[in-house]
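Inspection log for the structure reproduced underneath, given as C-alpha cells.
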Amino acid sequence: MAGKLVIAAVCARPYVAMAKAAGYDVLALDIFADSDTEQLATQVFRLPYADGGFDPAGFEAALATIAARHEVLGFVYGSGFEANPQLLETAAHYFPVVGNSASVVKQAKAVPDFFRTLDALGIPHPPVSMEVPALLAGWLHKQAGGSGGTHIRRLEAGGRKNAGSYYQQELAGIPVSLLFAAHAGDAHVIGYNRQSVAAHGDLPFRYGGLVTNVALPDTCRKILYVAAQHLTRVLKLRGLNSIDAMLTPTGDTYILELNPRLTASAGLYHSIPGLMQLHLGEGASALDIGRQASAQAVVYAEYDAIVPEGLEWPEWAADIPVAGSHIAAGDPLCTVYAQADGAEAAWQLAHQRLQVMTAMQPLSGR
C-alpha cells in the first residue's frame, strides 16, 4: 500500500474513494459518517458541525487520537475549512497538510481583497459591495467562506449585515466551473463542468449537482483557464482547485469564487488514475480524462424521518446514511451518480435517478 492519509470534509466519501483508487489507506473525518464511507475507510470519525465547519474541539481531539495511533503521510481536506482556516493550522501541528496552506485559503476567501486581485489581473467578476446596496433588487447576500450555496440569499426581502458577509450582483446564466491542478506556478486543466441548484424555500442557490466534461464556448474556457493560471501564480496555489463562474446568456463569463481545495467536481473525476497523486504533488501534470462524462445530483429529504434497517439502495446511489440515522427535512439523503458518453446524456440519467429516489424516499417516520 502507498500509506495512510487523513481525509477531512463535510462529506469525505468521494475523496476517500479517490485515495483508495490510488492505493492509500484512509482515516476519514466528516459530519455524516455514511455507510459507504465506513466501508471504504480504515476508520471514520463523525465530527460535530458548527458555523460552516468542523467544531474545533472535536476536530483536534480526532487528530490527536489519530496521531497517537497511526503513521500518517498527509492531511487532505475538502469543504468545511474556508469559514475557519485556523482548523488547517491545527491540522498542520499533527500532519503535513496536502494542497493549499491555511494562509492561502485565507487569501482566496478574503473579501474584498480577492476581488481586488481579480481586478488587478483583469479578470471579470460581478460587482461586489461590503455594504448593503441602496437598491436591493438584483443583489445577493453571501457569507465569506460559505459553501454549498446555502449561505446565499437574494436581497429583495431586506438587507442584512453580519460578520463576514458581503454583497454580489446577481447574474443570470449557467453556473460553470473549472477543475485544475496547480503545480510549480502553472495551472493544468482537469475538466470543465456545469453546476445546478436545488432551490428550496429561502435557499434559492442550494447545491443540486454537476456534470463533467461539458462543452463550453471557447471564450468561456479561455477566461476560466487564464484565471486559473493567474491565480495559481499570484496565490501560489498547490494541488487540485476549482473556479466557479457564471456564463451569461450574452456569452460573457464572470468569475464568482475560487475554491482552494478538493471540491465536488474533483470527486466526480475520482476514478481517473493518478488524480490523487496529482493532488499530492507526485503525479504527472497531464491526465487522460477521456470523453466520458459523469454527473451527480443530491437527493434532499422531503420530510423528517429515520432510515430503517434492511434498505436496498440502488448501486448508483452513494453517501448512504447508516440505518437509524435521523434525516431532517431539507437535509441531504444521498447522492445519485451517472456516467455516459456525453454531458447531456449523463445529466439526464442522473436527473432520472434523482426523480426515482425522490419518489421512493426510502424512510420511515413520515
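The values are calculated or read from the model by the stated rules, or taken from the named source; none is laboratory data. Note that this is a predicted model, so its numbers are computed, not measured. Cβ sites come from the backbone with ideal geometry, for glycine too, and all protein chains shown count toward neighbours. Quick note on the areas: whole protein, heavy atoms, side chains included, nothing else; ligands and nucleic acids left out. Shrake-Rupley method; radii C 1.70, N 1.55, O 1.52, S 1.80 Å.
The Cβ shell under 13 Å around residue 4 holds other residues with a net charge of 0, Lys and Arg each +1, Asp and Glu each -1.
DSSP loop GluC sites (Glu not before Pro) in segment 103-204 with at most 11 other Cβ atoms within 10 Å of their Cβ, which ones? Mind showing how you got there, number by number?
Working: sites: 131, 156, 170; in loops: 131, 156, 170.
Filter output for segment 103-204: 131, 156.
What the pair-distance distribution of segment 182-338 shows, using all Cα-Cα distances binned every 10 Å from zero, is 9, 32, 32, 19, 7, 0 percent.
Please work out the average accessible area per residue across the chain, using the 1.4 Å probe convention, and give it in Å².
Details: 15690 Å² over 366 residues.
On a per-residue basis, 43 Å².
Counting every C-alpha pair in segment 57-131, the share spaced more than 22 angstrom apart comes to 38%.
Largest mean-square fluctuation among 120, 323, 350, in a Gaussian network model of the chain whose springs join Cα atoms under 10 Å apart, belongs to 120.
Phi-derived couplings, Karplus 6.51 cos²θ - 1.76 cosθ + 1.60 at θ = phi - 60°, listed residue by residue for segment 68-74: 6, 10, 9, 8, 10, 7, x Hz, with x used for Gly and Pro. Here the relative contact order of segment 63-115, from alpha carbon pairs under 8 Å that lie six or more residues apart, stands at 35 percent.
Among residues other than residue 179 with Cβ under 13 Å from its Cβ, the summed charge is +2 (Lys and Arg +1, Asp and Glu -1).
Quick one: pull the percentage of alpha-carbon pairs in the chain with a separation above 36 Å. Display every interim value, and only then the final one.
Working: 11674 of 66795 pairs.
Summing the P(r) tail past 36 Å for the chain gives 17 percent.
Can you compute the FRET efficiency between residue 93 and residue 43 using 1/(1 + (r/R0)^6), with r the Cβ-Cβ distance and R0 = 22 Å? Round to the nearest 0.05. Calculated value: 0.60. Using the Cα coordinates of segment 1-95, the gyration tensor eigenvalues translate into equivalent-ellipsoid semi-axes of 19, 15, 11 Å, sorted from longest to shortest. Using a Förster distance of 45 Å, how high is the FRET efficiency between residue 236 and residue 359, based on the Cβ-Cβ distance and rounded to 0.05? The calculated FRET efficiency here is 0.40.
Amide hydrogen proximity for residue 97: with H placed 1.01 Å from N in the peptide plane, the residues at 5 or more positions away or on another chain lying under 5 Å are 75. Starting from a Cα-only point model with no solvent, please compute log10 I(q)/I(0) by Debye for segment 151-274 at q = 0.18 1/Å. Taking Cα atoms of segment 151-274 as identical point scatterers yields -1.03.
Within segment 4-74, report the GluC sites (Glu not before Pro) that DSSP leaves as loop and that have at most 15 other Cβ atoms within 10 Å. Show your work: numbers first, answer last.
Numbers: sites: 38, 60, 71; in loops: 71.
Of the GluC sites (Glu not before Pro), the ones in loops of segment 4-74 whose Cβ has at most 15 other Cβ atoms within 10 Å are 71.
Sequentially through segment 178-192, phi angles give Karplus couplings (6.51, -1.76, 1.60; θ = phi - 60°) of 10, 9, 9, 10, 9, 8, 6, x, 10, 9, 10, 5, 9, x, 9 Hz, Gly and Pro residues having no value and appearing as x. Here segment 125-139 is scanned for amide nitrogen atoms under 17 Å from the site 7 Å beyond the Cα of residue 172 along Cα-to-Cβ, giving 137-139. Karplus-derived 3J(HN,Hα) values for segment 311-326, using 6.51 cos²θ - 1.76 cosθ + 1.60 with θ = phi - 60°, are 6, 9, 7, x, 5, 8, 9, 9, 6, 8, x, 6, 4, x, 5, 8 Hz; glycine and proline are entered as x.
With helices as the sole contributors, the chain gives -8000 deg cm²/dmol at 222 nm; each DSSP H run of n ≥ 4 counts as -39500 (n - 2.57), and the sum is divided by every residue. For residue 306 and residue 339, a Förster radius of 30 Å and the Cβ-Cβ distance give a FRET efficiency of 0.40, rounded to the nearest 0.05.
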